[in-house]
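Structure first, commentary second.
The values are calculated or read from the model by the stated rules, or taken from the named source; none is laboratory data. Computed from a predicted model, the values in this text were never measured in an experiment. Because the Cβ atoms are built from the backbone with ideal geometry, glycine has one as well, and the counts that use them run over all protein chains shown. Heavy atoms of the whole protein, side chains included, go into the accessibility calculation; ligands, DNA and RNA do not. Shrake-Rupley method; radii C 1.70, N 1.55, O 1.52, S 1.80 Å.
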2 protein chains.
Amino acid sequence: MSQPLTRPKVRDAEATKARLLQAGTEEFAAHGIAGARIDRIEAAANANRALIYSYFGSKDQLFDAVMDANVARVLDEVPFKPEDLPGYAGRLFDFLVANPHLLRLATWHRLERADTGHEPQGLRASVRMKTESIARAQAGRRLTSGFTPEDVYAFTMALASAWMEASPYAPAALSEDQLDARRSAVVEAVRRLTTPTKEETS
Amino acid sequence: MSQPLTRPKVRDAEATKARLLQAGTEEFAAHGIAGARIDRIEAAANANRALIYSYFGSKDQLFDAVMDANVARVLDEVPFKPEDLPGYAGRLFDFLVANPHLLRLATWHRLERADTGHEPQGLRASVRMKTESIARAQAGRRLTSGFTPEDVYAFTMALASAWMEASPYAPAALSEDQLDARRSAVVEAVRRLTTPTKEETS
DNA sequence: ACCTACCATATAACTGGTTATTTAGTGCAA
DNA sequence: TTGCACTAAATAACCAGTTATATGGTAGGT
């Protein structure tokens with residue numbers, strides 16, 4: 001995770017970009033855009049600061065690149081299946097437990113960057129795909145029609161990240177059992193929200 | 001909301017502190033701690049910057065004071081009743097729609113200040129009171145025992161703020177009708193989560 | 001194989017504007 | 001005249017971004 005980032009023996013622009021993205025991910029997740037320090041990224045990436053400007057353009061643009069890379073990673077690693085929203089919530093919960101800094105990163109983006117209109121690459125398309133497949137599942141009576149597809153999506157996301165948002169104090173000090181219990185609660189909550197009511201199935 | 005803050009004719013330290021807290025609330029909600037600028041607070045509060053240091057101590061301590069004041073306000077304005085969690089979620093939703101900057105403020109606190117151990121005055125006590133009264137309601141079979149009191153609380157909070165977290169883009173452009181629909185969805189979601197299941201009531 | 005000119009990669013030092021915080025004081029009111 | 005509210009100006013550190021320079025790999029000529 002936070003091993004020192006080592007340079008390859010040969011010069012390699014791609015590898016340097018990757019180190020800068022990795023160091024930027026950690027720095028931005030910890031301190032946000034305004035709080036991030038170029039010299040810390042420089043040191044952590046084991047690369048010169050001027051390369052940030054030649055490869056990415058500016059601090060803000062490095063943040064955008066960091067977001068793009070990590071959004072792509074989440075979309076890749078947490079598959080979405082509209083017929084199993086509780087399972088999706090559980091997998092998302094697992095991912096956030098394993099990568100709490102990425103939730104912080106997304107939050108910083110919302111606070112500091114969303115109003116600039118710069119959205120992470122692929123995010124909007126992915127959300128549209130998800131809500132549309134939720135709509136299809138609703139039409140097929142496989143999940144409740146009591147909420148709009150956007151509601152279902154927003155609630156699922158909110159429940160999966162509820163615990164990380166709610167407990168800023170001592171978030172890491174959780175036993176395996178406690179973690180399992182919370183995961184089950186999230187899955188069960190999404191199940192209660194999304195299973196069709198009796199009237200809907202009749 | 002953002003009228004220029006005017007000074008009284010006579011010198012009045014309390015009034016100046018109040019202006020600094022108000023200006024600080026808006027500045028910190030907009031930019032966070034690292035992004036906030038003392039000179040903007042000074043200008044918006046119509047007060048000299050040195051007063052910030054003599055009354056509050058530092059930029060960080062001004063932020064803490066701002067948090068304390070606004071947490072007190074929320075606790076005061078959004079009454080909690082464990083027997084009506086859906087209603088509580090609805091009122092919280094209303095409050096957040098009316099004061100979106102306070103959700104931002106709380107989020108900045110989580111990101112920038114929570115790990116310092118400085119909690120807003122009264123928050124921990126209030127959360128304990130809420131979870132304990134949820135536990136009593138569960139014991140009295142008035143709400144589901146399928147979740148721990150902490151789960152119930154975290155989920156309720158998450159659902160009430162789900163929409164604000166989920167839609168950073170064009171959050172203000174919502175018609176009255178759309179807002180009502182979202183509110184209803186939140187209330188219904190909390191109702192589905194918290195009403196006892198058939199087995200529980202039998 | 002060897003040379004060499006070229007260019008992308010990389011670096012250290014610098015610049016100029018910004019920013020939190022302090023200081024030394026002014027003036028009002030009791 | 002004492003203490004408090006308030007102010008303007010100074011200070012010292014900080015920090016994003018730039019520049020001038022060095023270095024290593026390599027394509028192409030001999």
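Annotation for the A:B interface, with buried accessible surface near 3300 Å², both sides summed [1.4 Å probe; non-protein components not counted].
Which residue fluctuates the most in chain B, going by a Gaussian network model with Cα springs under 10 Å, if the choices are B:P79, B:P149, B:P120? Comparing B:P79, B:P149, B:P120 in the GNM, the peak value goes to B:P79. Computed on chain B, with alpha-carbon pairs under 8 angstrom and 6+ residues apart, the relative contact order is 22 percent. Solvent-accessible area of A:S54, all protein chains in place: 80 Å² (probe radius 1.4 Å, heavy atoms, ligands and nucleic acids excluded). For segment B:43-116, the gyration tensor built on C-alpha atoms gives a prolate shape. Its axis ratio a/c (a ≥ b ≥ c) is at least 1.5, and a/b is the larger of a/b and b/c.
Determine the shape class of segment A:78-201: with a ≥ b ≥ c the square roots of the Cα gyration tensor eigenvalues, call it rounded for a/c under 1.5, and otherwise prolate if a/b is greater than b/c, oblate otherwise. Because a/c hits 1.5 or more and a/b fails to exceed b/c, segment A:78-201 counts as oblate.
Position A:E77: other-copy label points at 3.9 nm, ordered by increasing distance, label point 7 Å along Cα→C-beta. Residue by residue along B:191-201, Cβ atoms of other protein chains within 10 Å of the local Cβ number 2 on average.
Shortest first, A:I38 label-point distances to identical copies amount to 2.3 nm, with the label point at 7 Å from Cα along Cα→Cβ. Ranking A:W163, A:W108 from most to least accessible surface, computed with a 1.4 Å probe over the protein chains only, gives A:W163, A:W108. For chain A, a Gaussian network of Cα nodes joined below 10 Å ranks A:F63, A:F95, A:F147 by mean-square fluctuation, and the top entry is A:F147. Highest GNM mean-square fluctuation among A:E188, A:E26, A:E14, for chain A modelled with Cα contacts below 10 Å: A:E14. In the full protein context, segment A:1-91 carries 52 Å² of accessible surface per residue, based on a 1.4 Å probe and ignoring ligands, DNA and RNA. Using a probe of 1.4 Å on the protein chains alone, the accessible area found for B:H109 is around 10 Å².
For segment A:1-66, the square roots a ≥ b ≥ c of the C-alpha gyration tensor eigenvalues yield an a/c of 1.5 or more together with a/b not exceeding b/c, which makes the shape oblate. Counted residue by residue at 0.36 nm each, then reduced by the alpha carbon distance between them, the extension gain from A:E199 to A:E176 reaches 4.4 nm. Inter-chain Cβ neighbour count for B:26-32, averaged per residue, equals 2 (cutoff 10 Å, partner chain atoms only). Quick check: Cα centre of segment B:84-102 to Cα centre of segment A:134-201, how many Å? About 20 Å separates the Cα centre of segment B:84-102 from the one of segment A:134-201.
Listed by chain and number, the aspartates and glutamates whose C-alpha is less than 18 Å from the C-alpha of B:K59, apart from same-chain residues fewer than 8 away, are B:E26, B:E27, B:D39, B:E42, B:D68, B:E112, B:D115, B:E119. Here the accessible area of segment A:32-93 is 51 percent carbon and sulfur, with a 1.4 angstrom probe and all protein chains present. Of all lysines in the structure, those lying under 24 Å Cα to Cα from A:K198, and not within fewer than 8 positions of it along the same chain, are A:K81, B:K198.
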